[in-house]
Amino acid sequence: MTSQQIRQQFLDFFASKGHRVVPGSPVVPYDDPTLLFANAGMNQFKDVFLGTGKREYTRAADTQKCIRVSGKHNDLEEVGHDTYHHTLFEMLGNWSFGDYYKKEAIAWAWELLTEVYKLPKERLFATVYRTDDEALELWKTVTDIKHSHILKFDEKDNFWEMGETGPCGPCSEIHINLSDDYDDPSLVNAGSPLCIEIWNLVFIQFNRDANGDLHELPAKHVDTGMGFERLVAVIQGKSSNYDSDVFQPIIKEIEKISGASYSSSHDIVPIRVIADHIRTLAFAIADGAVPSNEGRGYVLRRILRRAARYGRKINLNNPFLYKLVDTLAEQMGHQFPEIIENKEFVKKIIRSEEESFNKTLDRGIHHFEEITAHLKKERKTEIPGADAFKLYDTYGFPVDLTRVMATEHGYTVDEAGFDSHMKEQRARAREATKSKIGTVNIIAGGLDHFETISEEPTQFLGYESLTGQATVTGLKKEGDNELIILDKTPFYVEAGGQIDDTGVIRIGENKLVVDDVLKNEGKVIHVVDNAAGVLIDTGMEVLAEVDRARRWDIMRNHSATHFMHAALRNVLGTHVQQAGSYVGPDRLRFDFSHFGKVTKEELTDIETIVNEQLRENIPLTHHRNMPIEKAKQMGALMFFGDKYGDLVNVVQFGDRSVEFCGGTHVHNSSEIGLFKVISESSISSGVRRIEAVTGAGVERFINQQFDKIHEANDTIEKLLDDKKKLEKEIAAFKLQMKKQQLAKVIAQGESFEGINLYYSKIEAESNDELKQLGDDLRDHMKSGVGLLLSVFDEKVGLVCVVTDDLIKGKNLSAGKIVGDVARIVGGGGGGRPQSATAGGKDITKVDEALREFKAITGKYLSN
């Protein structure tokens, strides 16, 4: 049977047992921010197992693309080196949501494997959890498996848990023994490629509480998963998954474009790695992920760079991965049409990423070779963490790529040292981006040091109003600052990229300026300057007023950010994901994932779309405290890394933009005014940044541009004149600075056989400059021989000078001396007795030449 037939038979079998055949979820789980990638078929049914969601059916079956490259499910290191681990695999699964249980699950699994797929019963083993006697008896009674082939294992192999708490239960695994001694149970769970797990039947019957105790669930579920690639290899009689028709079309294409041979022991691992990794890259990108430096994007970047580096082993030195996408789409597009629909986009992103990495790959490999050469010389076998970090930080080598290269050369990597450098870098980044200096000091003690009269959280009024009567419920003195907690406030505390509000708190006739607002334990702390000593006490009634003009500018920019986000996804593609933002009164900044520079034409399209929508007067609908499941059903955008509770806020502008957001916004789009992009740039590989202005900000931007034009016209001529003057002054200054080196040379002169010698290595930029410095040295020497050496243009320059008294009295010649010294540095030269220049190519012999100068001079003295 072909792999397509095997997959279809699985789905048809469970359809005949009353299961709804459902589509698998995208490999990028946008509705589950706790996951980088879908790593099991049950991911899309997690809400059912947690009791927070339902389906209109109680039995389901599907095939799910899964990626396992991080956390406890990490098969990356084994990929290519063994026959059955992959970064992406298909999981065939069937589920029961409170319907059938262990009996049916076990019986149907055995029926499918032995009667439909015709697997030899004598080679099959079943494992059960050590205390699951129910499953043990069912295997004996509802199947005809050999009883000695039913084995018990502990929690490590046969107990499934979603997390530290929550749904869990025993599982029963089915293994097939492919060895000659197929009756040998010792190979089960021993990590041998001759006995592999093909199906896992999970029986979700418990809930684990925070104390670790297990409680029976009122409704029990079944969750099974079978490795498709392993199953196909077994049915097709292949000893390796890569030999089946799941991988062979890709492998043949790799052989074609590389000239390598899958049958070669040298080529087989690189070909396997590439064949595996292109599947992960293509499907993840087709489902909306892109390579970047964070989260799932970094995982993809690591995988791509790992594949690119393995490509070098089979002479694939130019971008090649993107060329395999067509073959993959042709092979798997019937089951997963998204790979066909997004094929050109996938190829474009992969090629762009390959080209980017290729620019640094050769230099990185060269640096790696320098590191290992040094280690070999030092007789060490571990690559220091600092060097591994430099390979990552400078050349883009993920540490696992460095590990692979190190292993190939017989070295290990100090990964603890690498992690330490990574932590230091992250700490520096956090320190550099702190926006609230002093915040830690203000709230370091929590609310313990506040004089409070209420434990209730502060009620936020700022969605509907910018002013509000409030009661002081907490106080704390910090120098001239007063920290005031109110029971209600219109002041927004920085969150989601939107910065704090500023304004005033009025107490009778007194007005206190609010410089900052913070939140702690649900209470909003207003930091006010009270140097005047205005009397404030708990229980007082005050009026809180937000700076209206400033807040409106912020709201315009925040709402415009939502419209721009939607336009970016419209123009560039749905792979665009928010990677950070700043929303202030002066401008908005939006960071997002994208593989290349946004072109001028694309920026124009984005601006046009946004401005057209702003003019449509689209009203705001702010859904507050909405159940998260309902928000997901609305299609609200949510992204990995964001943390959501059971109730969320959703900002909606008609059908143009729907996003999770708790910020403040205009009432309708026309209140934003005009939108203008002022810059587009790269902040890291795979992450772009757009800055823009709205409303009055556009007016200021236009006026600033005109001012710059006028200023430029007035100053260009002056700049040109100043440039000429500065060039002359700089040249003179540089030469004067270099002449100052001569004072040190004179001071360090030494007596030798009755004469004075002055010699040193100095800085110079040319032979002419060196000669001038030599003449100056001769002028400052009362009597003596001088030698100056300098390295410039990757060669050695020399000048020797002799005073007149030594030329006449000792018959010394600068030309002869400098010629002999020049030969030490691989050159030659000569000249007049008073002053002579020479040159050489060997810059490593400069110190030796200086040392030999005394002996050479002595030679001519003796003559």
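The values are calculated or read from the model by the stated rules, or taken from the named source; none is laboratory data. Please read all numbers here as calculations on a predicted model, not as lab measurements. Please note: Cβ atoms are built from the backbone with ideal geometry, for glycine as well, and neighbour counts cover all protein chains shown. These area figures cover heavy atoms from the full protein model, side chains too; ligands, DNA and RNA do not enter into them. Shrake-Rupley method; radii C 1.70, N 1.55, O 1.52, S 1.80 Å.
Distance between the pseudo-spin-label points of T360 and R832 (7 Å out from Cα toward the beta carbon): 5.5 nm.
Counting only alpha carbon atoms, the long axis of helix 3-15 and the longest principal axis of the chain meet at about 40°. Computed from point charges on the beta carbon alone (+1 for Lys and Arg, -1 for Asp and Glu), the dipole magnitude for the range 737-830 about its Cα centre is near 220 Debye.
Please report, as a whole percent, how much of the solvent-accessible surface of the range 628-778 comes from carbon and sulfur atoms (probe radius 1.4 Å). Show your work: numbers first, answer last.
Details: 4530 of 8850 Å².
Result for the range 628-778: 51 percent of the exposed heavy-atom area is carbon or sulfur.
Here the relative contact order of the range 125-192, from alpha carbon pairs under 8 Å that lie six or more residues apart, stands at 39 percent.
Using a cut-off of 15 Å between beta-carbons, work out the net charge of the residues near A696 (Lys and Arg +1, Asp and Glu -1, A696 not included). It works out to a net charge of +2.
The heavy atoms of R589 offer some 60 square angstrom of accessible surface to a 1.4 angstrom probe. Bridgeable lysines around K380 (alpha carbons under 20 Å apart, same-chain partners fewer than 8 residues away excluded): K390. Helix 248-258 and the long axis of the chain differ in direction by around 10°, with both axes built from C-alpha atoms. Between E765 and K140, the FRET efficiency estimated from the beta carbon spacing at R0 = 56 angstrom works out to 0.05. The largest accessible area among M1, M634, M555 belongs to the first residue in M1, M634, M555, and the rest follow in falling order (1.4 Å probe, all chains). Each residue of the range 400-411 is assigned a 3J(HN,Hα), and the resulting list reads 5, 5, 4, 4, 4, 5, 5, 4, 4, 9, x, 10 Hz, derived from the Karplus form 6.51 cos²θ - 1.76 cosθ + 1.60 (θ = phi - 60°), x at Gly and Pro. Sorted largest first by accessible area at a 1.4 angstrom probe radius, with every protein chain in place, the residues D537, D820 fall in the order D537, D820. Listed by chain and number, the lysines whose C-alpha is less than 18 Å from the C-alpha of K256, apart from same-chain residues fewer than 8 away, are K313, K323. For the pair T52 and K156, what calculated FRET efficiency results from E = 1/(1 + (r/R0)^6), where r is the Cβ-Cβ distance and R0 = 25 Å, to the nearest 0.05? Efficiency at R0 = 25 Å is approximately 0.30. Solvent exposure of the chain amounts to 46 Å² per residue of accessible area, where only protein heavy atoms count and the probe is 1.4 Å. The overall shape of the range 1-59, judged from the alpha-carbon gyration tensor, is oblate: a/c is not under 1.5, and a/b is no greater than b/c. Here the range 92-111 and the range 1-42 have alpha carbon centers that stand 15 Å from each other.
Distance between the modelled labels on E408 and T621, one decimal in nanometres: 5.6 nm (7 Å Cα→Cβ projection). Among the GluC sites (Glu not before Pro) found in the range 711-758, those both in a DSSP coil and sparsely packed, with 11 or fewer other Cβ atoms within 10 Å of their Cβ, are E753. Extension gain for the segment A219 to M540, taken as residue separation times 0.36 nm less the Cα-Cα distance, is 110.1 nm to one decimal.
In loop segments of the range 505-550 as defined by DSSP, the GluC sites (Glu not before Pro) with at most 14 further C-beta atoms inside 10 Å of their C-beta are E509, E521. Checking every one of the GluC sites (Glu not before Pro) in the range 1-108 against DSSP loop status and a limit of 10 other Cβ atoms within 10 Å picks out E56. At an R0 of 45 angstrom, the distance between the Cβ atoms of N713 and D775 translates into a FRET efficiency of 0.45. With everything on Cα atoms, drop me the angle between helix 415-432 and the longest principal axis of the chain, reported from 0 to 90° to the nearest 10. Orientation of helix 415-432: about 80 degrees from the principal axis.
What separates the Cα centres of the range 732-756 and the range 308-376 is a distance of 57 Å. Mind checking which of P185, A107, P218 is farthest towards the positive end of the range 74-231's charge dipole, using Cβ charges of +1 (Lys, Arg) and -1 (Asp, Glu) about the Cα centre? Farthest towards the positive pole: A107. Computed over the chain, the per-residue total of -39500 (n - 2.57) for DSSP H runs of n ≥ 4 gives a 222 nm mean residue ellipticity of -12500 deg cm²/dmol, rounded to 500.
For a test of the definition: using alpha carbon positions, the gyration tensor, and the 1.5 limit on a/c, classify the chain as rounded, prolate or oblate.
Oblate, since a/c reaches 1.5 and b/c is not below a/b.
When only the Cβ of Lys, Arg, Asp and Glu is charged (+1, +1, -1, -1), the dipole of the range 244-295 relative to its Cα centre reaches about 120 debye. Summary of the geometry: the range 569-625 and the range 828-863, compared by the centres of their Cα atoms, lie 69 Å apart.
Database remark: amide H of V290 closer than 5 angstrom to no amide H (H placed geometrically; neighbours at sequence offset of 5 or more, or on other chains; Pro and chain starts carry no H).
Positive end of the dipole of the chain (Cβ unit charges, origin at the Cα centre): among L588, G333, F389, the Cα lying farthest that way belongs to F389. Among I314, I268, the order of accessible area from largest down is I268, I314, computed with a 1.4 Å probe on protein heavy atoms. Other residues whose C-beta falls under 15 angstrom from the C-beta of L466 contribute a net charge of -1, scoring Lys and Arg +1 and Asp and Glu -1.
Across the range 262-267, computed HN-Hα scalar couplings (Karplus, 6.51 cos²θ - 1.76 cosθ + 1.60, θ = phi - 60°) run 5, 7, 7, 5, 6, 9 Hz from first to last residue, x flagging Gly and Pro.
The apolar share of the surface of the range 105-153, taken as the fraction of accessible area on carbon and sulfur atoms (1.4 Å probe, ligands and nucleic acids excluded), comes to 50 percent. Shown in residue order for the range 187-202 are the 3J(HN,Hα) couplings computed by the Karplus curve 6.51 cos²θ - 1.76 cosθ + 1.60 at θ = phi - 60°: 7, 5, 6, 9, x, 9, x, 8, 9, 10, 6, 10, 8, 10, 9, 9 Hz (x for Gly and Pro).
Its relative contact order, with pairs defined as Cα atoms under 8 Å and 6+ residues apart, puts the chain at 6 percent. For the range 273-393, a crude dipole built from +1 on the beta carbon of Lys and Arg and -1 on the beta carbon of Asp and Glu, taken about the Cα centre, is about 480 debye to the nearest 20. Cross-link reach is defined here as a Cα-Cα straight distance under 17 Å, omitting same-chain residues fewer than 8 places apart; for K17 the lysines meeting it are K102, K103. Comparing L11, A747, P249 along the charge dipole axis of the chain, the residue lying farthest to the positive side is A747, per the Cβ-charge model.
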